[in-house]
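> Submitted below is the structure of interest, expressed as structure tokens.
The values are calculated or read from the model by the stated rules, or taken from the named source; none is laboratory data. These numbers were taken from a predicted model, which means no experiment stands behind them. Cβ sites come from the backbone with ideal geometry, for glycine too, and all protein chains shown count toward neighbours.
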Amino acid sequence: MDKTDKSRRSFLKILPLGVLAGVIASVSGAAFRFLRPRLFAATDAWLDVASVSELTGPQPLTRKIVAEHIAGWAITTEEHNVFVLPAKNNQVLSTICPHEGCEVVWEQATNRFSCPCHESYFAADGARISGPSPRGLDPLPMRVQDGKLQVQYVSKEQETRA
Amino acid sequence: MTPRGWLQTTGAVVGILLLVQFLTGTLMAFYYVPSVDHAHTTVSYIEKVVSSGSWLRSLHHYGSQWLAVFAFIHVIRLFLDRAYTSNRTQWIVAILLLALVMAAGGTGFSLPWDARAFFSTRIAEGLMAGLPFVGRYARVWLLGGSDISTLTLSRFFALHVLLIPALIAAVVVWRVFGSNLARLFGPRHAIAGGVVFLALAVWCLKYPAPLGPSVAEATAEYLPRPGSQFLWLYQSLKYIPGGLGSITGVVLPGIVLTVLILLPWLKRARLIGASLLGAGVVVVLLMTTAAYLSDRRDQRTREQLSKQVAEEIAWRSKPFEPARLTLTPASTTTEAMHGGPPVMYMKFCVNCHGEHGEGARQGKLNFPPLLDVSAKPRRTVDDIVGLLKDPTAYGLEPPMRSFSTKLTEPQMREIAEWIVKLKR
């Protein structure tokens, strides 16, 4: 008799905590699903970079592309820079530094790409020269269609996961 | 356990429901955007796309209505227990909570920005505008301007998710501070709170919170209805001549709540409190019932309301439509995306020279077309930029004026580059 009385009392003691935990747990369970980050499908659209005829010369060229991204409740239209290497059969390079994702710029004077954030340097063909970047600038999928150079834009996140 | 004992648990139920409101509200803030162009999109996104979004939003929506009911019952229970003499803090906290919960419900209803939300905002506007003496100012202060706009939505958002919850938290802390938590939330409280939460959770699995098409799609026939906790007010406003609506909706409840807060210090407290609360219960029950009945009785109202429900169901089953955001400099978008005129052309030039550079004639004034203008002498891109800076140097007369203070050099160049491409 004494024993059941004791267990009854301890049950009553933890009951409030149990109910609180139950409420919080059921909302938290939903919260976990609710807040789960969403993978955005990579856009596989081919985006115009430039006419092949205007891509000449020994220097890398900076060109703008306009890409659409589906990001949650919005479709965003963003402008990105890409590098075109006419000297390397119009290979297209991402301007995103493989290190921390800063935007790399072409330095005419020193004939190299440099990252403004952590001083990674890349040669005119995109190969890594020095600095913390783990590799050279990433090439983007490209093709020539009706005399136009086109790329598929891939963000850094997808690059590193691949 | 006596029934009387179970009545002691109303405060705990209010506490649990408040906890649910805080949790679900915080979660929805992870997606919601308080702006007239995205509010409805983001709420639809929560409703249609995000996992568990519909349930969490439903918990918040119906939870707010249950909360109002339990906060009211809690006040009545405390009055019956004469808490206004035995525990003043508890009494005042309960009154303040009831007021704050109603305020939170009122501001929250506007946030989804569907037709229902828009009309709720309109009513809030009308109630403020009708206040004696301060009406004009109260209205524009609430709206953030002379009319309902995106500023209004921001204000309701700030009130709903920052100011009012902070006040509620402060009031709750005041109540809980120094109390014995185990006595405040004992086994019986826990059971009552748990049962109410379970009922709410199951209810919300079955009934999603209402959400209609965005305000923009609302038709003139739309019949707005408030949340259940405001039905009494909605119905009362039908019987009261226009100007007195604010007295009923804001001033009177304000006075009642103030008197109730002061009850511990009043003589004949029992009588005053009993009459006020009694009248309150009667008005709320009577008017809420009347609201339900009048919607049932009138056939046209009934048909329109069921049409609205059908529209909402149809809209709900449509796939989510994302918003389009343009994050590029204005120049490249207009050019690259549409081939249309630059933004600055649309701002300064289009009124006279037309959307396609076709020109126009207004009385005696002749605005020349810009088509094929590059074929004329002194009309290269550089010339046009120079001309935009100093028209007279290029032999042009007013009304063509200089834009050197209005446009930057790149903007002029962008316009010029677009103009030279115009062909007949």
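> Are there any pairs with C-beta distances below 7 angstrom linking a residue in region A:19-35 that is within 7 Å of chain B (Cβ to nearest Cβ) to a residue that is among the β-branched types (V, I, T) and exposed (fewer than 14 other Cβ atoms within 10 Å of the Cβ), with the two at least 6 apart or on different chains, and if so which?
If the second residue must be among the β-branched types (V, I, T) and exposed (fewer than 14 other Cβ atoms within 10 Å of the Cβ), no pairs are left.
> Determine whether region B:4-18 contains at least one residue that is over 23 Å from B:G278 (Cα atoms), at pLDDT 95 or above, of a type in the set (V, I, T) and surrounded by 18 or more Cβ atoms within 10 Å (Cβ to Cβ).
yes
> Which condition number in (1) at pLDDT below 90; (2) within 24 Å of the chain's Cα centre (by Cα) is the one that B:A169 fails?
(1) is the only condition that B:A169 fails.
> Between a first residue in region B:212-237 that is not assigned by TED's automatic domain parsing to the domain that holds B:A71 and a second residue that is part of a helix (DSSP H, G or I) and of a type in the set (D, E), which pairs have beta carbons less than 7 Å apart while being 6 or more apart in sequence or on different chains?
Here the result reads none, with nothing in region B:212-237 linked to a residue that is part of a helix (DSSP H, G or I) and of a type in the set (D, E).
> Let me ask another. For B:G194, state whether it is in a helix (DSSP H, G or I) and either surrounded by 15 or more Cβ atoms within 10 Å (Cβ to Cβ) or assigned by TED's automatic domain parsing to the domain that holds B:V101 (or both).
yes
> Taking the condition assigned to a helix (DSSP H, G or I), crowded, with 17+ Cβ neighbours inside 10 Å and of a type in the set (A, V, I, L, M), does A:A31 pass?
Yes; evaluated as a whole, the condition is true for this residue.
> Go through (1) within 22 Å of B:T219 (Cβ to Cβ); (2) surrounded by fewer than 13 Cβ atoms within 10 Å (Cβ to Cβ) for B:G278 and report which single condition fails.
Exception for B:G278: condition (1).
> Could you list all residues from region B:52-105 that are among the polar types (S, T, N, Q), over 20 Å from B:T121 (Cα atoms) and more than 14 Å from chain A (Cβ to nearest Cβ)?
Hits for region B:52-105 are B:T85, B:S86, B:N87, B:T89, B:Q90.
> Determine whether B:R175 is among the basic types (K, R), in contact (Cβ under 8 Å) with a residue 60 or more places away in the chain and assigned by TED's automatic domain parsing to the domain that holds B:T301.
yes
> Name the pairs: first residue in region B:60-89 and in contact (Cβ under 8 Å) with a residue 12 or more places away in the chain and among the basic types (K, R), second residue crowded, with 21+ Cβ neighbours inside 10 Å and part of a helix (DSSP H, G or I), Cβ to Cβ under 8 Å, at least 6 apart or on different chains?
Listed by first residue and then by second, the contacts come to B:R77/B:T10.
> Can you tell me which of (1) surrounded by fewer than 17 Cβ atoms within 10 Å (Cβ to Cβ); (2) away from chain B (no Cβ under 11 Å); (3) more than 18 Å from the chain's Cα centre (by Cα); (4) more than 19 Å from A:L137 (Cα to Cα) is the one A:D48 doesn't meet?
Of everything listed in (1) surrounded by fewer than 17 Cβ atoms within 10 Å (Cβ to Cβ); (2) away from chain B (no Cβ under 11 Å); (3) more than 18 Å from the chain's Cα centre (by Cα); (4) more than 19 Å from A:L137 (Cα to Cα), A:D48 misses just condition (2).
> Considering only residues that are free of Cβ contacts under 8 Å to residues at least 40 places away in the same chain, within 30 Å of B:V256 (Cα to Cα) and under 27 Å from the mean Cα position of the chain (by Cα), which ones fall in region B:286-309?
B:T289
> Another question, then. Condition check: in the same structural domain as B:Y84 (by TED's automatic domain parsing), β-branched (V, I, T), surrounded by 13 or more Cβ atoms within 10 Å (Cβ to Cβ) and in contact with a Leu (Cβ under 7 Å, 6 or more places away or on another chain). Does B:V284 satisfy that?
no
> List the pairs whose first member sits in region B:311-326 and is more than 8 Å from every other protein chain (Cβ to nearest Cβ), whose second member is in a helix (DSSP H, G or I) and surrounded by 10 or more Cβ atoms within 10 Å (Cβ to Cβ), and whose Cβ atoms are under 6 Å apart, counting only residues at least 6 apart or on separate chains?
none
> Look at A:A41 and say whether it is more than 9 Å from every other protein chain (Cβ to nearest Cβ), loosely packed, with under 11 Cβ neighbours inside 10 Å, modelled with pLDDT under 85 and within 19 Å of the chain's Cα centre (by Cα).
yes
> All but one of (1) over 10 Å from the mean Cα position of the chain (by Cα); (2) within 27 Å of B:L223 (Cβ to Cβ) hold for B:F118; state the number of the condition that does not hold.
Status for B:F118: all satisfied but (1).
> Look through region B:219-255, keep the residues that are assigned to a helix (DSSP H, G or I) and among the β-branched types (V, I, T), and return whichever of them is modelled with the highest pLDDT.
My answer is B:I255.
> Among the residues of region A:7-23, count how many are at pLDDT 85 or above and touching a Pro at 6+ places or on another chain (Cβ under 7 Å).
The qualifying residues number 2.
> B:I191 passes all but one of (1) under 17 Å from B:L56 (Cα atoms); (2) facing chain A (nearest Cβ under 10 Å); which number fails?
That leaves (1) as the condition not met.
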